[in-house]
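Down below is the structure, laid out as structure tokens.
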Amino acid sequence: MTTGPKKRKQAPRGTVRVDECNGSLRLVWSYGGRRYFFSLGLNDSPYHRKLAQDKALEIQQDISVGKFDSTLDKYRTSQEKGLAAVEAITVIKPVTLSQLWEDYLQAKLATGKVSPKTIDSHYRATTAHIERCHPIDGLKDPVAFRMKLLQVTTLGSARNTLMQLAAAVDWGLQYDRIPAQKNHFRVMYREIPTPKAPPVIAFTPEEMENIIQAFKTHQGKGMNYQYYAPFVEFLLRSGCRTCEAIGLRWRSITPDCSKIHFHESIVEVSGKLIPRNETKTDEDRWLACPSKLRQLLQSIRPETPIPEALVFPSPKGGAIGLSNFNDRAWKVILTQLGIYEKDGRKMTLYSTRRTWITAQAVQGNSSSRIAAWAGNSAEVIESRYMDKLKLQNLMPNDV
């Protein structure tokens, strides 16, 4: 039985590693901003591996005590000199923290595993913080960078920024974008305590129905938000992500509206709407529609729907712009109802998902079952979406 090639165990950064290239052994290491490849002129065998390890140890010891010979002559035997072993030295050009961060983001995007929306929303703060700390370069003076960072943002935001930068430096070291060095950011962010997440706040069942009714009956001057009533009701009764509702097409709903297939979305990145052939967690799922959700879809379903058509288009026929809707229709309606802020927190459109998840938990559904419906893990469902205060009011059954 043949097996695939074994994955090479990665040596700790800053060490001299024995590597195989086209059947021959060589040593690979970084030092002083340069990447060294030292060919030994030996084929790969157990005995030669032992010789290579000894040579690697010799070079490593010289580096540690400051006696490293950058010409490499010290490490060649007379036999190796006779074979004219070839070495390649790659100079690693100095980069700033800002340049490294931009390269890191581009590499993340290139993998196809991170959405443009995540880059825009999750990493934008780190980009802004690097700019606010200018002209301090965090790679040259990480301590001064941290001090400046703590002056321009909150403790929790500083911790998150340092954590993101630690990942960027790890990436830079792994792919030789920066000279070998200690990743100070990894130590720094761990020194800052993790901020306690604010409690999840959901709408009550009464508030939920009031929101739906308010959209259905809205009569505004110059702007009528009745058009969006089905969209808002769908979010409250399905618990899906807003990007999934915006990108939902009739082809993803069974003809009798009994099931919905969530497998694509439309995300908003810097004001631009970008279709994605996947959900946020890259896992498609089916949701069986309870009666009220099914009735809603049946009431708006065209007699012969176009499969590619959006279920909830904007008044102009395109996709709904989430930021614009949130700042106008949603804010206006909830302000009129007096629930745009609850317990000091703004209730965004994403609160519809928290409300649905909390309602399912109150009705006795397990976290794992809700997670399957919502497209997330049970741990995330419990930590980020459930309104614990509402769950605390539940009474256990008699035993």
* Asked: Lys pairs in segment 288-399, Cα-Cα under 28 Å, at least 8 apart or on separate chains: how many?
  -> 15
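Taking a probe of 1.4 Å, how large is the accessible area per residue of the chain, in Å²? Mind dumping the intermediate values first?
Numbers: 22830 Å² over 399 residues.
Each residue of the chain exposes 57 Å² on average to a 1.4 Å probe.
Beyond 22 Å, what share of the Cα-Cα pairs of segment 210-340 is found? Please give it as a whole percent.
Numbers: 3084 of 8515 pairs.
Counting every Cα pair in segment 210-340, those more than 22 Å apart make up 36 percent.
In segment 247-348, carbon and sulfur make up what percent of the accessible area (probe 1.4 Å)? Write out the running numbers ahead of the final one.
On the way: 2850 of 5850 Å².
Using a 1.4 Å probe with all protein chains present, segment 247-348 comes out at 49 percent carbon and sulfur.
Applying 1/(1 + (r/R0)^6) with R0 = 35 Å to the Cβ-Cβ distance of Val380 and Asp256, what FRET efficiency is obtained, to the nearest 0.05?
Working: r = 32 Å, r/R0 = 0.90.
Working from the Cβ atoms, E equals 0.65.
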* When the chain is modelled as a GNM with alpha-carbon springs shorter than 10 Å, which of Lys331, Lys182, Lys221 fluctuates the most? -> Lys221
* Asked: What distance in nm separates the simple spin-label points at Tyr350 and Asp54, each placed 7 Å from Cα in the Cβ direction?
  -> 6.0 nm
* Estimated FRET transfer efficiency when R0 is 22 angstrom, pair Met147-Ala167 (beta carbons, to 0.05) -> 0.55
* To do: Write down, largest first, the equivalent ellipsoid semi-axes of segment 284-393 in whole Å, where each equals the square root of 5 times an eigenvalue of the alpha-carbon gyration tensor.
  => 27, 22, 13
* Asked: Which distance in nm do the two modelled labels at Arg186 and Ser70 give, with both placed 7 Å along the Cα-to-Cβ direction?
  -> 2.6 nm
* Proximal aspartates and glutamates to Lys50, defined as alpha-carbon separation beneath 17 angstrom and excluding residues fewer than eight positions away on the same chain -> Asp19, Glu20, Glu58, Glu80
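If each residue of separation counts as 0.36 nm, what is the full-extension length gain between Asp176 and Asp44 once their alpha-carbon separation is subtracted?
On the way: separation 132, 0.36 × 132 = 47.52 nm, distance 2.52 nm.
Taking 0.36 nm per residue and subtracting the Cα distance, the gain is 45.0 nm.
Label segment 212-283 by shape, choosing from rounded, prolate and oblate, from the square roots a ≥ b ≥ c of the eigenvalues of the Cα gyration tensor; if a/c is under 1.5 it is rounded, and otherwise prolate applies when a/b is larger than b/c, oblate when it is not. Intermediate values should be presented prior to the final figure.
Working: a/c = 2.52, a/b = 1.41, b/c = 1.79.
Oblate, since a/c reaches 1.5 and b/c is not below a/b.
With +1 on the Cβ of every Lys and Arg and -1 on the Cβ of every Asp and Glu, and nothing else charged, how large is the dipole of the chain about its Cα centre, in debye rounded to the nearest 20?
Numbers: 57 positive and 40 negative charges, 64 e Å.
Here the chain has a charge dipole of around 300 debye.
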* **Label corresponding to Rg and Dmax of the Cα atoms in Å when calculated from the structure given, among (1) 20.2, 62; (2) 28.8, 92; (3) 26.9, 101** => (2)
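How would you rank 146-154, 356-364, highest first, on the average number of other Cβ atoms within 10 Å across their residues? Write down the numbers at each step before the final one.
Working: 146-154: 15.9, 356-364: 19.1.
Averaged packing, sorted descending, gives the order 356-364, 146-154.
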* To do: Search the structure for amide H atoms under 5 Å from the amide H of Val269, placed 1.01 Å from N in the peptide plane, and list their residues when 5 or more places away or on another chain.
  => Ile274
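The values are calculated or read from the model by the stated rules, or taken from the named source; none is laboratory data. Quantities reported herein were computed from a predicted structural model and do not represent experimental measurements. Heads up, the Cβs are rebuilt from the backbone with ideal geometry, glycines too, and the neighbour counts pull from every protein chain shown. Calculation scope for accessible area: heavy atoms of the full protein, side chains included, ligands and nucleic acids excluded. Shrake-Rupley method; radii C 1.70, N 1.55, O 1.52, S 1.80 Å.
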